[in-house]
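What follows is a single structure, written as structure tokens, with notes after it.
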Number of protein chains: 2
Amino acid sequence: MNTLDSPFRSQKQRLDDREAKRQAVLRAATQMFNERGFHATSLEDVAASLDISKPTIYHYLGNKDQVLLECVSFGLEQLQEAAETARKQPGTGIDRLRSFLQRYAEINMDDFGRCVIRTGDETLSPDSRRRFRSLKRKIDKAMRELIEEGIADGSIACTDAKLLAFTLAGALNWPARWHEAGGKQSAKEVARHMVDVLTQGFAPR
Amino acid sequence: MNTLDSPFRSQKQRLDDREAKRQAVLRAATQMFNERGFHATSLEDVAASLDISKPTIYHYLGNKDQVLLECVSFGLEQLQEAAETARKQPGTGIDRLRSFLQRYAEINMDDFGRCVIRTGDETLSPDSRRRFRSLKRKIDKAMRELIEEGIADGSIACTDAKLLAFTLAGALNWPARWHEAGGKQSAKEVARHMVDVLTQGFAPR
DNA sequence: ACTATTATATACTCATGAGTATATTTTATG
DNA sequence: CATAAAATATACTCATGAGTATATAATAGT
């Protein structure tokens, strides 16, 4: 099998190639959306940043709405994975929840996660919006279930799992707005600290 | 002095009139921005919702950017007031902080406060953005000071006031995205519950 | 009554940017 | 090789919506 740099690529290689280009477009788009906002970013800008032309983007992706949908879907997939990983872990409910929250926060400081947070539902077309919402609801549900498991085993103190989930999500979404990659504290540090604060509360124990 | 409905209004009355109209425009704009998003809302839409024409809006406000800036400024003023009120209150640091947080959350579920949260910095022109950021920084600073006072008097347990402020703000900003006026729980209830959770943490005591 | 000012509307201009028609080149395969 | 398919570009169209020029009615002040 030809793994060297022959000019004749296998079909798989070509498909991978295509996929890599799609990804590159999405990555570039995500970064620009995050910096300037979706509406202030034209696909021409995105194309230019990759030294390609606008129609090339349309060759790989249907339209601007779809570009955005894929960007956020990617972020939401990462979150979904994080939830599944946490679910499988050993330990008490609170341990699993904390481990999820840690990862959740980290993802929200990364390109695609940030995009999820910074994208308002209204930005997407009605169809995409439904998808977007439905994916977000899944994450929310996963978080709620982790909480409920913790309540059940007594490791979490809480009277309203839904509201707790919103509270935690809100706190851990916010860094998507203010944290910047090169900052003093790494995403990991920020996440850890926030999760601790949320766990303990700010009233002395 | 003529306080009845004479057709001859005093200068003050006329100024008030003008101000009332400005306010009406801002209120209508805020609501539409919150629902559809800034970019999906044309000033023509806003005008139509008030049964006036677009140039009338331009008669009262310079341009769309300014409309948005005034909307968010209004929300930020409310938050500023809340901060000042809390500062003046008696009690320990944690009491004053909690009282601020309560009000903070409530405002964020109201038209103008919501607009503050839902408006990304990138949405505004560079000049307005600077104003917007500077006003937000003030609120953040106020929250941080309340926290520091609480740390000083031992009523708040915290090692990083800045990060705690971000954490609390994030959690209490989030309802601007999901809470709706006619929902099951009133803004006040949601706020109270969230503040409690944040105070106590979710680890059993 | 006469003029200036304020409030409002109609009917434009103009830039931007999404999306496309079409041409061209490269790559793959019978 | 010849032809089909994929990749890329140039150069358009076209809708939208911000902002304006201009007209008119109402109100205020002289």
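Below is a table of values for the structure above.
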read-out: Out of A:Ala40, A:Ala28, sole residue that is in a loop (DSSP other than H, G, I, E, B) and either on the phi > 0 side of the Ramachandran plot or at pLDDT 95 or above (or both); value: A:Ala40
read-out: Qualifying residue in segment B:73-82 (condition: of a type in the set (A, V, I, L, M), within 16 Å of DNA strand D (Cβ to nearest atom), under 20 Å from the mean Cα position of the chain (by Cα) and under 28 Å from B:Asp140 (Cβ atoms)); value: no
read-out: Lone unmet requirement of (1) touching a residue at least 40 places away in the same chain (Cβ under 8 Å); (2) assigned to a helix (DSSP H, G or I) for A:Val46; value: (1)
read-out: Condition broken by A:Asp95, with the remaining ones in (1) closer than 17 Å to A:Thr30 by Cβ; (2) more than 16 Å from DNA strand C (Cβ to nearest atom); (3) within 14 Å of chain B (Cβ to nearest Cβ) satisfied; value: (1)
read-out: Segment A:74-96, residues that are buried (at least 17 other Cβ atoms within 10 Å of the Cβ) and under 25 Å from A:Ile117 (Cα atoms); value: A:Phe74, A:Gly75, A:Leu76, A:Gln78, A:Leu79, A:Ala82, A:Ala83, A:Ala86, A:Ile94, A:Arg96
read-out: Looking only at segment A:27-64, and only at residues there that are under 24 Å from B:Ala40 (Cα atoms) and aromatic (Phe, Trp, Tyr), the one that is nearest to DNA strand C (Cβ to nearest atom); value: A:Tyr58
read-out: Residue within segment A:129-137 that is crowded, with 22+ Cβ neighbours inside 10 Å and either without any contact (Cβ under 8 Å) to a residue 24 or more places away in the chain or within 20 Å of A:Leu198 (Cβ to Cβ) (or both) present; value: no
read-out: Tally of residues being without any contact (Cβ under 8 Å) to a residue 12 or more places away in the chain, within 8 Å of chain A (Cβ to nearest Cβ) and under 27 Å from A:Asp153 (Cα atoms) across segment B:168-196; value: 1
read-out: Residue in segment A:141-153 that is surrounded by fewer than 22 Cβ atoms within 10 Å (Cβ to Cβ), farther than 24 Å from B:Leu172 by Cβ and within 12 Å of chain B (Cβ to nearest Cβ) present; value: yes
read-out: Complete set of residues in segment A:53-72 that are more than 15 Å from DNA strand D (Cβ to nearest atom) and within 14 Å of another protein chain (Cβ to nearest Cβ); value: A:Leu68
read-out: Test for A:Leu61: is it modelled with pLDDT of 95 or more, aliphatic (A, V, I, L, M) and either under 30 Å from A:Asp153 (Cα atoms) or buried (at least 22 other Cβ atoms within 10 Å of the Cβ) (or both); value: no
read-out: Options A:Thr159, A:Thr167, A:Thr92; residue that is β-branched (Val, Ile, Thr) and over 27 Å from B:Leu101 (Cβ atoms); value: A:Thr92
read-out: Close pairs (9 angstrom Cβ cut-off, 6 or more residues apart or separate chains): within 14 Å of B:Leu168 (Cβ to Cβ) and modelled with pLDDT of 95 or more in segment B:85-96, small (Gly, Ala, Ser) and in a loop (DSSP other than H, G, I, E, B) anywhere; value: B:Gly93/B:Gly154; B:Gly93/B:Ser155; B:Ile94/A:Ala203; B:Ile94/B:Ser155
read-out: Segment A:22-49, residues that are of a type in the set (D, E, K, R) and either surrounded by 19 or more Cβ atoms within 10 Å (Cβ to Cβ) or more than 20 Å from the chain's Cα centre (by Cα) (or both); value: A:Glu44, A:Asp45
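The values are calculated or read from the model by the stated rules, or taken from the named source; none is laboratory data. What you are looking at is a predicted structure, and each value in this text was computed from that prediction instead of being measured. Using ideal geometry, Cβ is built from the backbone for each residue, glycine included, and neighbour counts are taken over all protein chains shown.
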